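Written below as structure tokens is the structure these notes are about.
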Amino acid sequence: MRNSLRLLAPLALTLTLSAPAFAVCDQARLHVVRSEGPYTGGVYLYDLAPAAVLPTFYYRYSTSNPQIIGQLDAAWVGRFTVRAVGNAAACGTSGTSRSAGTITFLYRDSFF
């Protein structure tokens, strides 16, 4: 038992320290303004803009998840805002179209 702990403790510490940190593009209060697709593999592209009267840029997310596609389409038709989390290393900071990666989580707001 004692020998097992001597071997497992350094292994656990090594795995903990080497675990990758994933940066994400997490944006709230966005409106779906456009969709494109499906492309090869059933991938759809969605452009989500900040909730401003005249937004000057939008975040471009991609997804092939049918549940997320359904939620985005419902938010678009219902004019709801969403919070989208993409797997891009960081949100784009310049340009009209800012890459946000593939959507990993989506939260649909009802009152904004």
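The values are calculated or read from the model by the stated rules, or taken from the named source; none is laboratory data. Computed from a predicted structure; not experimentally measured. Please note: Cβ atoms are built from the backbone with ideal geometry, for glycine as well, and neighbour counts cover all protein chains shown.
Assuming residue 93 fulfils every condition listed in (1) at pLDDT 95 or above; (2) exposed (fewer than 12 other Cβ atoms within 10 Å of the Cβ); (3) over 23 Å from residue 111 (Cβ atoms) apart from one, which condition is it?
Residue 93 satisfies every listed condition except (1).
Hey, among the residues in segment 11-34 that are over 17 Å from residue 96 (Cβ atoms) and at pLDDT 85 or above, which one's surrounded by the most Cβ atoms within 10 Å (Cβ to Cβ)?
At the first step, the residues of segment 11-34 found to be over 17 Å from residue 96 (Cβ atoms) are 11-24, 26, 28-29.
Among the residues that remain, those that are also at pLDDT 85 or above are: 24, 26, 28-29.
Values: 24: 17, 26: 14, 28: 14, 29: 13.
Filtering segment 11-34 for residues that are over 17 Å from residue 96 (Cβ atoms) and at pLDDT 85 or above, the one surrounded by the most Cβ atoms within 10 Å (Cβ to Cβ) comes out as 24.
Could you check segment 74-88 and list, in sequence order, the residues that are over 12 Å from the mean Cα position of the chain (by Cα) and either modelled with pLDDT of 95 or more or crowded, with 16+ Cβ neighbours inside 10 Å (or both)?
Of all residues in segment 74-88, those over 12 Å from the mean Cα position of the chain (by Cα) come to 74-81.
The answer is 75, 76, 80, 81.
Limited to segment 70-112, what total is found for residues that are over 20 Å from residue 53 (Cα atoms) and in contact with a Gly (Cβ under 7 Å, 6 or more places away or on another chain)?
9
Where residues in segment 96-111 are exposed (fewer than 13 other Cβ atoms within 10 Å of the Cβ) and outside any strand (DSSP E or B), which of them is modelled with the lowest pLDDT?
Restricting to residues being exposed (fewer than 13 other Cβ atoms within 10 Å of the Cβ) and outside any strand (DSSP E or B), the top hit is 111.
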